[in-house]
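What follows is a short report on a single structure.
The values are calculated or read from the model by the stated rules, or taken from the named source; none is laboratory data. This one's a predicted model, so the numbers in the text were calculated from it and none came from an experiment. No Cβ is skipped: glycine too gets one built from the backbone with ideal geometry, and neighbour counts run over all protein chains shown. Each accessible area value is taken on the protein alone, full model and side chains, heavy atoms only, with ligands, DNA and RNA left out. Shrake-Rupley method; radii C 1.70, N 1.55, O 1.52, S 1.80 Å.
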Amino acid sequence: MTATLPPATAPARNSARQSALDRLKAHAPFLARLAELYPADVEAFLTDGVDAALAGLTPPSVDDHIMVALRQWRGRAALLLALGDLSGEHDVATTTRLLSDFADQACDLALAAAFAERVPDAAPRGLAVIALGKLGSHELNYSSDIDPILIFDPETLPRRERDDPDEAAVRIARRMVEILSTRTGEGHVLRVDLRLRPHPEVTPIVLPVNAAISYYESQALAWEQAAFIRSRASAGDKALGEAFLDAIQPFIWRRSLDFRQLKEIGAMSDRIRDHYAQGQAFAPGYDLKRGRGGIREIEFFAQVHQLIYGGREPALRVPATMDALAALAAAGRIDADVAARLTGHYAFMRRIEHRLQMIEDQQTHCLPTQAEALDGVARLDGEADGAALLARLEPVVKDVGAIYDRLVAERAEREGLPRDEAELAARLVAAGFDPPDAALRIIGDWRAGKERALRSPAAQEALEAVLPELVTALGAAPDPAQTLLRFDKLVAGLPSAINFFHLLAAQPALARIATRILSLAPALADALAARVELIEGLIDRRAFEAPATCEELLVEWAPGLAGLDYERLLDRVRDRVGERRFAYGAQLVSSASDPLDIARGYSELAEAALRVLADATVAEFVEAHGRVPDSELVILALGRLGGRSLTHASDLDLIYLFTGDHLAESDGPRPLGATSYYNRLAQRVTAAMSVPTAAGKLYDVDTRLRPQGAQGPLVVTLDSFERYQREEAWTWEHMALLRARPVYGSDAARGQLERLIRELLARPRDAGEVRRDAASMRDKMLTHKPPKGPLDIKGGPGGLVDLEFAMQVTQLSTGQCHDPQIDAALACMRGVDLAPAGIPEAYELLARMLVMLRLTAPDGEPATPAARDMMASACGEPGWPQLLAAHDAARQEVADWWASIRPHDSQEQEMET
């Protein structure tokens, strides 16, 4: 991995190297960690430059430690390539080529290792990696996935004597992907996405070469033709890969384009805008890749011209975007000034894209929305602040958008609208779709029956009946264009749209709720797409009443669950929970309930499901193995379930225990010792709660808080639990007990467990030791799971984890206010002056924000102004700026409390003395 650039003076180069390292350490935590891990590489870079440092970076050999060796090699390469980029010793084209070269070598090594494991004595051959996308054009991002197609030759692939060729190829390919993609303690090597192969939902991950050739010659779609513009045989059996690409050249580069192909290329151009740009205005949060005027529009501008002219002009068949622009200009197919401007814009935006990805090795393309984070990206690139970066980017984005607009206009000027489409266009504009072009195309596809749900005359009749109200509801959504795209995805997944459209026509209010959900709550939108009948549950007025308690839910469900066999019961409970959880989410989106009330509702719902399914599982188990005399299963909830504060996405923290003698034996036809009995029973309860069925899954269950964690038995007796907690448990395990609550078992067993926990928590403790242990644990958590961003409500500084640590240290040290519900515990602590006055209010704000974020923005902060306004309203603030200000104040309040409790270095030294 070497590259040669024009020389620079040594003092300037050394100054640039030091500046690059300083910016890296200050603004890119991922790279800063690598710099600490590999100081020799940093020193080689500072002394001799990036090319010399890279020359000393040799790929690992294929041996038993390939998983570790590849990841360490990747870490060193990532560090040096970033330093070369930041220092200016490598330009964007050099950086992307070296990243691509690394990926090629990594694929070769992983494939060789997979062959060596499967057929140790055979040379790797007969399986090729065809690189598409940015890897295919040697333009790989700093933190990109790769999009290969894998092909194999059944005649030459080495395999074991009795192996079927297809099965052997799949095993080798799967192992290659595991070696590259599995995340270990050292991270990963490459994310591998194999979904660009033909029909990925039904085809194996590696295709026989002749079958692949046949598909591309006869069935492939226009987008697949475009994808192969940037293709090459990058790893594995390159001779096989090149022969495959030679065979499909007529598919990629057609000497003449018929009218249908031209229309398909035009439609692809439209979809780039409609499905990715989404009307996105340039501002913080702008998507450099998919936004209007972004990287993808430059790439597609070049590819459209290559598709049109490349069949007759071989000189245009170059994969890299900047090379393609130069070739198109040289051939007179695009204006030379346009090519020069787009080339410069492309290099600049790709450079900033790399800065975004360097910070935490994330595959992101969006500018941060928070000023502090945006400043960090800007300073990593050498700019003064985020405003300066935006000022440089804005004219670039506008120019790219204008050039791409002209490409789109060339097609639009040649096409007119039929009369019925003109009427629909006027209706769409009146509803808020201005311009209406994207909406017209989607609705046109519905009317043409392109979705299976709309192919019958009855479905078309239902569509026309609901269309006026639907257009109005979609237009009234906070983000009409995005909502229409999600609605289109929902329709595409329906087996039939007749009943759904009839329901919306009969209940216009449901259409408005549905569009609001699609626009504002991705988690609910996904649930609705998977099970569209969820919308019917919102017809019942009770869906918007206060959340039910566990006991109320058990009474409500009992008639419908009676008499069901075990498998049907699992599905029915999943249906009931899904309906109720969807209704609670709809309440949040409709601003009908306080998020804290909904959090309690989520918790009561999970507890009801656990009690029903645990009862059913115990009954099923007793039929085969009987009961253990004078013994029963007890389930202890911790964390958010224990504290009745679940979110839409929470998992369940459970500890399984049993009463009685561990030496006893069950009395059924197939008796088991008590320990084996309850361990197997607990496994089945976990499966009942978490394993997906035809109706989906309920919850992820986490049992790692049990005695001795994942290394200990799944279930222990109450006596063993007590002994462990008294003699062996760490301080953090007693902190976890502060949010513990028995949720399953007889009244007597739960009462016994509650008394035990109260006694354990009431034991006198060394306050200094508790503080030191808690601070050490918190530091470890920050090291292993750093904050995800400024809106990491849980894990960031001054977040809910810090609040719980401060609260729990105080509770353990004083022996007071041991209530598993945080709000109740804080109220108690305020009453005895153990918590600052502002803490209860700070907790409520942060808890409300967490509930809303998990529903409306599971991957970060809300993306649209409407979603932000909704979240602000739910948290009692008039707008997003005011919510951020309140959030910052609450975080500071919490941070100050935790800082006043955790020991500092001077305190620690004094205590040790």
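Data for the structure
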quantity	calculated
Helices (runs of 4 or more DSSP H) lying entirely in segment 796-887 (those with 2 or more residues that are modelled with pLDDT of 95 or more and crowded, with 19+ Cβ neighbours inside 10 Å)	800-814, 822-831, 839-856
From the options 84, 88, residue that is open to solvent by 50 Å² or more (accessible area, probe 1.4 Å) and small (Gly, Ala, Ser)	88
Residues of segment 653-683 classified as open to solvent by less than 20 Å² (accessible area, probe 1.4 Å) and of a type in the set (A, V, I, L, M), total	6
Check on residue 787, free of Cβ contacts under 8 Å to residues at least 40 places away in the same chain, in contact with a Gly (Cβ under 6 Å, 6 or more places away or on another chain) and surrounded by fewer than 18 Cβ atoms within 10 Å (Cβ to Cβ)	yes
Answer residue from segment 182-220, given it is of a type in the set (D, E, K, R) and within 22 Å of the chain's Cα centre (by Cα) and is least open to solvent (accessible area, probe 1.4 Å) among those	193
Identity of the residue in segment 518-536, open to solvent by 40 Å² or more (accessible area, probe 1.4 Å) and part of a helix (DSSP H, G or I), that ends up nearest to residue 496 (Cα to Cα)	533
Condition broken by residue 23, with the remaining ones in (1) touching a residue at least 40 places away in the same chain (Cβ under 8 Å); (2) under 26 Å from residue 235 (Cα atoms) satisfied	(2)
Conditions (1) more than 23 Å from residue 520 (Cβ to Cβ); (2) open to solvent by 50 Å² or more (accessible area, probe 1.4 Å); (3) assigned to a helix (DSSP H, G or I); number of the one not met by residue 450	(3)
Options 10, 82: the member that is small (Gly, Ala, Ser) and modelled with pLDDT under 95	10
Residue satisfying all of: in segment 38-71; open to solvent by less than 30 Å² (accessible area, probe 1.4 Å) and not aliphatic (A, V, I, L, M); farthest from the chain's Cα centre (by Cα) among these	49
Number of positions in segment 160-169 that are in contact with a Gly (Cβ under 9 Å, 6 or more places away or on another chain) and open to solvent by 30 Å² or more (accessible area, probe 1.4 Å)	0
So residue 121, is it more than 30 Å from residue 355 (Cβ to Cβ) and either in contact with a strand residue (DSSP E or B) (Cβ under 9 Å, 6 or more places away or on another chain) or assigned to a helix (DSSP H, G or I) (or both)	no
Contacts under 8 angstrom Cβ, first residue in segment 318-333 being among the hydroxyl-bearing types (Ser, Thr, Tyr), partner assigned to a loop (DSSP other than H, G, I, E, B), 6 or more apart	321/137; 321/139
3 or more residues of a type in the set (D, E, K, R), within 24 Å of residue 129 (Cα to Cα) and modelled with pLDDT of 90 or more: qualifying helices (runs of 4 or more DSSP H) within segment 218-300	238-247
Enumerated helices (runs of 4 or more DSSP H) restricted to segment 21-112, each holding at least 2 residues that are β-branched (Val, Ile, Thr) and farther than 29 Å from residue 128 by Cβ	39-48
Condition met for residue 659 (under 19 Å from residue 716 (Cβ atoms), in contact with a helix residue (DSSP H, G or I) (Cβ under 6 Å, 6 or more places away or on another chain) and β-branched (Val, Ile, Thr))	yes
Unique residue being polar (S, T, N, Q), farther than 29 Å from residue 80 by Cα and either open to solvent by less than 20 Å² (accessible area, probe 1.4 Å) or not in a loop (DSSP other than H, G, I, E, B) (or both) when the list is 306, 357	306
Where residue 765 falls short, out of the listed (1) in contact (Cβ under 8 Å) with a residue 40 or more places away in the chain; (2) assigned to a helix (DSSP H, G or I); (3) open to solvent by 30 Å² or more (accessible area, probe 1.4 Å)	(2)
All positions within segment 695-722 that are more than 20 Å from residue 676 (Cα to Cα), buried (at least 17 other Cβ atoms within 10 Å of the Cβ) and among the small types (Gly, Ala, Ser)	695
Output for segment 723-739, where each listed residue is open to solvent by 10 Å² or more (accessible area, probe 1.4 Å) and aliphatic (A, V, I, L, M)	729, 736
For residue 113: the one exception among (1) farther than 15 Å from residue 236 by Cβ; (2) over 28 Å from the mean Cα position of the chain (by Cα)	(1)
Residue list for segment 334-347, restricted to those being surrounded by fewer than 21 Cβ atoms within 10 Å (Cβ to Cβ) and either more than 21 Å from residue 97 (Cα to Cα) or touching a residue at least 60 places away in the same chain (Cβ under 8 Å) (or both)	335, 336, 337, 338, 341, 347
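Per-residue answers, yes or no, for (1) open to solvent by 10 Å² or more (accessible area, probe 1.4 Å); (2) closer than 20 Å to residue 74 by Cβ; (3) in contact (Cβ under 8 Å) with a residue 24 or more places away in the chain:
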site	(1), (2), (3)
120	yes, no, no
132	no, no, yes
150	no, no, yes
171	yes, no, yes
